[in-house]
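Data first, discussion second: the structure below is written as C-alpha cells.
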Amino acid sequence: MQPVNPKWLESGLVLVCERCFKERIPEEAPDVAERLGDFNLRDWLKSELKENGEWGPIRVIATTCMDVCGKGKVTVCLDPKNGEPAQVLVVDPLDERDKLYVTIVDSMGQKTRSQ
C-alpha cells in the first residue's frame, strides 16, 4: 500500500449519482428524462470547473445510489476538505445547475483555499 496526496485532498470532492440519470429519472419521470436529453450533470460540472480554473483541486465523481432520492432530480454530495461538513443536495440538473456550481465553488474553490 502506498499513500498518495491528490490535488483534491485540500479542496474536496463532488459526488454525483449516476443512477439518477441512467435509471431513476427515465423510469420515474420520463418527461424529465426527455427534457434532459443527453445532458449529464457530472460532465457539465467538470467542464465548468475546467473552464474556470477550478478543476484538479475540486473533482467531480460519478457514484452510485446514495439512498437520497428526489423524483426527477439528481443527488449530489459536496464533501469539502476545509473543515466544513459534507452536504447532500437533490437538484434539478438543468434548472439548478448554475446555483449548484456557485455552491461548489463557494465552499471549495480558489477563494476559499486562499483565505
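Assorted remarks:
- Restricting segment 72-95 to residues that are closer than 15 Å to Ala29 by Cβ and part of a loop (DSSP other than H, G, I, E, B), the residue that is nearest to the chain's Cα centre (by Cα): Pro93
- The lone exception for Gly83 - which of (1) closer than 17 Å to Trp8 by Cα; (2) touching a helix residue (DSSP H, G or I) at 6+ places or on another chain (Cβ under 9 Å) it fails: (2)
- Enumeration of residues in segment 9-26 that are at pLDDT below 90 and either under 13 Å from Lys73 (Cα atoms) or surrounded by fewer than 19 Cβ atoms within 10 Å (Cβ to Cβ) (or both): Leu9, Glu10, Cys20, Phe21, Lys22, Glu23, Arg24, Ile25, Pro26
- Hits in segment 73-99 - residues which are among the small types (Gly, Ala, Ser) and either modelled with pLDDT of 90 or more or touching a strand residue (DSSP E or B) at 6+ places or on another chain (Cβ under 9 Å) (or both): Ala86
- Residue in segment 64-75 that is over 14 Å from Leu100 (Cβ atoms), surrounded by fewer than 16 Cβ atoms within 10 Å (Cβ to Cβ) and of a type in the set (A, V, I, L, M) present: yes
- Checking Gly12 against (1) over 14 Å from the mean Cα position of the chain (by Cα); (2) at positive phi, the condition it does not meet: (1)
- Within segment 30-71, tally of residues that are on the phi < 0 side of the Ramachandran plot, part of a loop (DSSP other than H, G, I, E, B) and in contact with a helix residue (DSSP H, G or I) (Cβ under 8 Å, 6 or more places away or on another chain): 8
- Scanning segment 100-108 turns up no residue that is under 30 Å from Glu27 (Cα atoms) and part of a strand (DSSP E or B).
- Considering Val105, Val74, Val91, the condition of being in contact with a Leu (Cβ under 9 Å, 6 or more places away or on another chain), closer than 15 Å to Leu13 by Cβ and β-branched (Val, Ile, Thr) is satisfied by Val105 alone.
- Residue within segment 68-83 that is in contact with a Ser or Thr (Cβ under 8 Å, 6 or more places away or on another chain), of a type in the set (Lys, Arg) and in contact (Cβ under 8 Å) with a residue 60 or more places away in the chain present: yes
- Taking each residue of segment 36-60 that is over 12 Å from Val14 (Cα atoms) and touching a residue at least 24 places away in the same chain (Cβ under 8 Å) and looking for partners that are among the acidic types (Asp, Glu) and assigned to a loop (DSSP other than H, G, I, E, B) with beta-carbon atoms closer than 7 Å, six or more apart or interchain, yields nothing.
- Per the listing Pro85, Pro80, the residue uniquely under 16 Å from Asp106 (Cα atoms) and surrounded by 19 or more Cβ atoms within 10 Å (Cβ to Cβ) is Pro80.
The values are calculated or read from the model by the stated rules, or taken from the named source; none is laboratory data. These figures come from a predicted structure and were not determined experimentally. No Cβ is skipped: glycine too gets one built from the backbone with ideal geometry, and neighbour counts run over all protein chains shown.
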